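What follows is a set of notes on a single structure, which appears directly below.
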Amino acid sequence: MASFSHLALPITISFLPLICQSIGWPIDPTHGFTQLPFNTSFYHIQKPYNLPETDRYSFFSGIHKLWVYSTDEPLSKNSPTKPRTEIIISGYNYSSGVWQFEGYGYVPCGTSGVCIMQVFGAGGNHATSLMLRVYNGTLYYYREAAIVPNIYDRWFRVNVIHDVDASKIKVFIDGVFMYEALGRGGEFHYFKCGVYAQNDDSSYMESRWKGIKILKKSD
Ligand SMILES: *[C@@H]1O[C@H](CO)[C@@H](O)[C@H](O)[C@H]1NC(C)=O
Ligand SMILES: *[C@@H]1O[C@H](CO)[C@@H](O)[C@H](O)[C@H]1NC(C)=O
Ligand SMILES: *[C@@H]1O[C@H](CO)[C@@H](O)[C@H](O)[C@H]1NC(C)=O
């Protein structure tokens, strides 16, 4: 017993920080943030311009369900953009500070080539500062970096923290820090979630969201 503790203790102490960094423990990313009011006054739905909202969006039992087809029209008649059905949280249009989006997302198997969450607003010729996309069952940062595999057919918690002044955006999935992106400038930003077709889009795209919260770091 004496020799066991003599050996085990130094090993535990020296290897634990390494294990924590590489695997990552879930934390509460909302700690230190203040939750802001969120109701229908703070968002609306963007959908193919020629269809009624109920053809592409439903809200039952606290679950927002958004879907779109690759052959659908864009959000406005002369828009060159691909089809989308998105919740646009235009009620919180920010240009400074540290802001956070939290929501539980669900993507059914088969949905691919689609942006499911974005931080709108960027400088230069970019429209967005962050896109979370799904390709073939993996969650990506744009098409650049795979963040989480096997994302289909399960609820996952998404926390996106945008520090405007530091120009950093952090992504947490199920409370685990997964990715940090550099900001891309821009005068103003807001969060969006839903389905926005990208390259190699599947014919049908759907995502569901519940428990959406907008938070701001307390000054
Ligand atoms: C939404 O919340 C705001 C702030 O609490 C409140 O003023 C407003 O009346 C609410 N709107 C609806 C539609 O519930
Ligand atoms: C956000 O604010 C900017 C700057 O005032 C404005 O141009 C833009 O239309 C706003 N966007 C929304 C969705 O309210
Ligand atoms: C997804 O799968 C399709 C079909 O196998 C393939 O063409 C495409 O390159 C894949 N996309 C990514 C981002 O891996």
| field | Unsatisfied cross-links (Cα-Cα over 26 Å) in the set LYS170/LYS210; LYS77/LYS216; LYS47/LYS213; LYS47/LYS217; LYS47/LYS210 | value | LYS77/LYS216; LYS47/LYS217
| message | If you average the C-alpha positions of the stretch 125-153 and of the stretch 26-82 separately, how far apart do those two centres end up, in angstrom? | response | 17
| task | Would you compute, from DSSP H runs of 4+ residues alone, the mean residue ellipticity of the chain at 222 nm, taking -39500 (n - 2.57) per run and dividing by the full residue count, rounded to the nearest 500? | result | -3500 deg cm²/dmol
| remark: Taking a ≥ b ≥ c as the square roots of the Cα gyration tensor eigenvalues, with a/c under 1.5 meaning rounded and otherwise prolate when a/b beats b/c or oblate if not, the stretch 95-147 comes out oblate
| note | Listed by chain and number, the residues whose amide H is under 5 Å from that of SER90, excluding neighbours fewer than 5 places away on the same chain and using placed H, are HIS44
| task | Enumerate the calculated ³J(HN,Hα) couplings along the stretch 165-180 in order (Karplus 6.51 cos²θ - 1.76 cosθ + 1.60, θ = phi - 60°), each rounded to whole Hz, writing x wherever the residue is Gly or Pro. | result | 5, 7, 6, 10, 10, 10, 10, 10, 10, 6, x, 9, 5, 10, 7, 10
| message | For LEU36, what residues show an amide H to amide H distance below 5 Å, using hydrogens built from the backbone and excluding near sequence neighbours? | response | ILE214, LEU215, LYS216
| query | Can you sort LEU215, LEU36 so the residue with the fewest Cβ neighbours within 10 Å comes first? | reply | LEU36, LEU215
| field | Added length on full extension, which subtracts the Cα-Cα distance from 0.36 nm per residue, THR138 to ASP200 | value | 20.9 nm
| remark: Whole-percent tail of the Cα-Cα distance distribution for the chain, cut at 31 Å, equals 23
| request: Could you state the angle between the C-alpha long axis of helix 2-23 and the longest principal axis of the C-alpha atoms of the chain, as a value from 0 to 90 degrees rounded to the nearest 10? | output: 20
| field | For the stretch 193-203, 3J(HN,Hα) per residue [Karplus equation, 6.51 cos²θ - 1.76 cosθ + 1.60, θ = phi - 60°, Hz, x = Gly/Pro] | value | 8, x, 9, 10, 4, 10, 6, 6, 6, 6, 5
| task | Would you work out which of PRO37, ILE169, SER112 lies farthest towards the positive end of the dipole of the stretch 26-217? Charges go on Cβ: Lys and Arg +1, Asp and Glu -1. | result | PRO37
| request: Could you sort 140-152, 186-198 so that the peptide with the highest average Cβ count within 10 Å comes first and the rest follow in order? | output: 186-198, 140-152
| query | Along the stretch 89-99, what does the Karplus equation 6.51 cos²θ - 1.76 cosθ + 1.60 (θ = phi - 60°) give for ³J(HN,Hα), rounded to whole Hz, x for Gly and Pro? | reply | 8, 6, x, 10, 10, 10, 10, 8, x, 10, 10
| Anisotropy class of the stretch 52-111 from Cα gyration tensor, a/c 1.5 cut | oblate
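All of the numbers you see were taken from the coordinates with simple rules; none came from a lab. Note that the structure is a prediction, hence the values are computed from the model and not measured. Backbone-built Cβ (ideal geometry, glycine too); neighbour counts: all protein chains shown.
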